[in-house]
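The values are calculated or read from the model by the stated rules, or taken from the named source; none is laboratory data. Owing to the predicted nature of the structure, the values given are computational and were not obtained by experimental measurement. Cβ: placed from backbone, ideal geometry, glycine included. Neighbour counts: every protein chain shown. Only protein heavy atoms, including side chains, enter the accessible area calculation; ligands, DNA and RNA are left aside. Shrake-Rupley method; radii C 1.70, N 1.55, O 1.52, S 1.80 Å.
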Amino acid sequence: MLTLGIDTSNYATSLAVFDTNAGEVVCDCKKFLPVKPGQLGLRQSDALFHHTAALPELLRQLGTKADLDRVGAVGVSARPRPVEGSYMPCFLAGVSAATAFSLGRAIPLVQTTHQQGHIAAALYAAGDARLFSAPSLVFHVSGGTTDLLLCHGADSITPLGTSSDLYAGQAVDRLGVKLGFAFPAGTYVSEEALLCDETVRPKASVRGMNCSLSGLENQCTQLLAGGKSPAYVCKYCLLCIGQTLVRMANTALEQYHGLPVVFAGGVMSSDLIRTYVTHRVPGAVFVPGKFASDNAIGVSILAAKENRAWPNLST
C-alpha cells in the first residue's frame, strides 16, 4: 500500500508518497512560497492562497512518479504542534486537499501536526526503526520552533526546553535578508559561512534546557556595523546556534543519560552546525537535508503507522 502525506507549512507546500510494503519513501515534491525581496515571510492569508494554488500542480507532479490509485491512506499536517491552541490558517489548505482526496477515494484520513511530521521524518531517516518505540531526545529547530523534546516515537512528546524569544530559524533568516539573500535564507547563510576561515567564538545564552536567541540578532548587527565580513557574521550566527543546542543537549543528557539525540527541522540542514554539534554531543543523530527541512515525508509515514500498514512502526 502507498500512503500520501501533505504538509502546508508557513514556508513550503510539500507532498510525499510512502510505500508501506518496502518501508521506503517513493517520491516527494516541494514548492517554497513566493516571498518578495526584503520581506521575512508572508501574511497567513497570502500563504493560504499560494498553498491552495500550488497543491493541484504538485499533486499532478507526484502522480507522474507514483501510482496514486494505490494510495490507501492520506495524512496531513492540520496544525503546527500537538499542543492546546496551536493553530495557523495556512494548514487549512492541506487539510482541505487531503479531505477531498480521502473522500474521493473512500480511504482513511489521518490528521497529525507539522512538528510530529518533522519528528517522524527524522526518526525514519536515522535508520533505526526502534526509535519509533523507544525514548529519545529530539530537537525541532526551524523558523517557528527551537524546541527540545522528550519523545517516545512521534506519538508521545514532552517539551523540555525552548527559546524564550527568537527562534533559531528566525535569527538566520533575519541575518540573511539583511545581507540581501532571498527568504528563507538558511541555504545562503550556510554557503556564505563556509567562506570564512577565521576562528569564531560565539556567546550563547542558555539557562538549563532553555535558551534566548534575541541577543544573537543584536550581536550579528553589531558585528556587521563593526566591519566584520558577511561570511564571518554568518559563521558566527550558525555556530552560536550550534553552541546553544550543545549546551541544551548536554544538560538534558545529565537527566536522560544515554538517550539518542536526534536533530530535526530546517536549520539542522546546515553542515556547519552538524559538524559542530556532532563532535560535542554524545549520541547526536543528524539526518539528510530533505528529511530535516519542511516536507510531508514524516506525515506520510505517520499515515502508515496510524493504519498499521508498516509493521516496523506499529504500536
**Item:** Lysine-lysine proximity count for the chain, Cα under 17 Å, sequence distance 8 or more or distinct chains
**Value:** 9
**Request:** Over the alpha-carbon set of region 202-315, divide Rg by the Kirkwood Rh and report the Rg/Rh ratio to two decimals.
**Result:** 1.08
**Complete:** So the carbon and sulfur contribution to the accessible area of the chain, 1.4 Å probe, in percent, is 51 percent
**Request:** Take the Cβ-Cβ distance between Cys27 and Thr99 as r, set R0 to 30 Å, and report the resulting FRET efficiency rounded to the nearest 0.05.
**Result:** 0.85
**Request:** For region 250-277 and region 142-209, compute the distance between their C-alpha centroids and round to whole Å.
**Result:** 12 Å
**Message:** From Cα pairs below 8 angstrom and at least 6 apart in sequence, can you work out the relative contact order of region 123-234, rounded to a whole percent?
**Reply:** 21 percent
**Request:** Only Cα pairs under 8 Å and at least 6 apart count here; give the relative contact order of the chain as a rounded whole percent.
**Result:** 23 percent
**Message:** Students often check this: by mean Cβ neighbours within 10 Å, which of 35-44, 296-305 ranks highest, and how do the rest follow?
**Reply:** 296-305, 35-44
**Request:** Could you pull out every residue, at least 5 positions away or on a different chain, whose amide H is within less than 5 Å of the one on Leu166? Hs are placed 1.01 Å off N in the peptide plane, and Pro or chain starts have none.
**Result:** Leu213, Ser214
**Prompt:** Can you give the translational diffusion coefficient of region 107-248 in µm²/s, computed by Stokes-Einstein from the Kirkwood radius over Cα pairs at 10 °C and 1.306 mPa s?
**Reply:** 97 µm²/s
**Message:** Loop only by DSSP, 15 or fewer other Cβ within 10 Å of the Cβ. Give me the trypsin sites (Lys or Arg not before Pro) in region 101-209 that pass, ordered by residue number.
**Reply:** Lys203
**Request:** Over the alpha-carbon set of the chain, divide Rg by the Kirkwood Rh and report the Rg/Rh ratio to two decimals.
**Result:** 0.97
**Request:** Divide by every residue of the chain the summed helix terms, -39500 (n - 2.57) for each DSSP H run of at least 4, and state the resulting mean residue ellipticity at 222 nm, rounded to the nearest 500 deg cm²/dmol.
**Result:** -12500 deg cm²/dmol
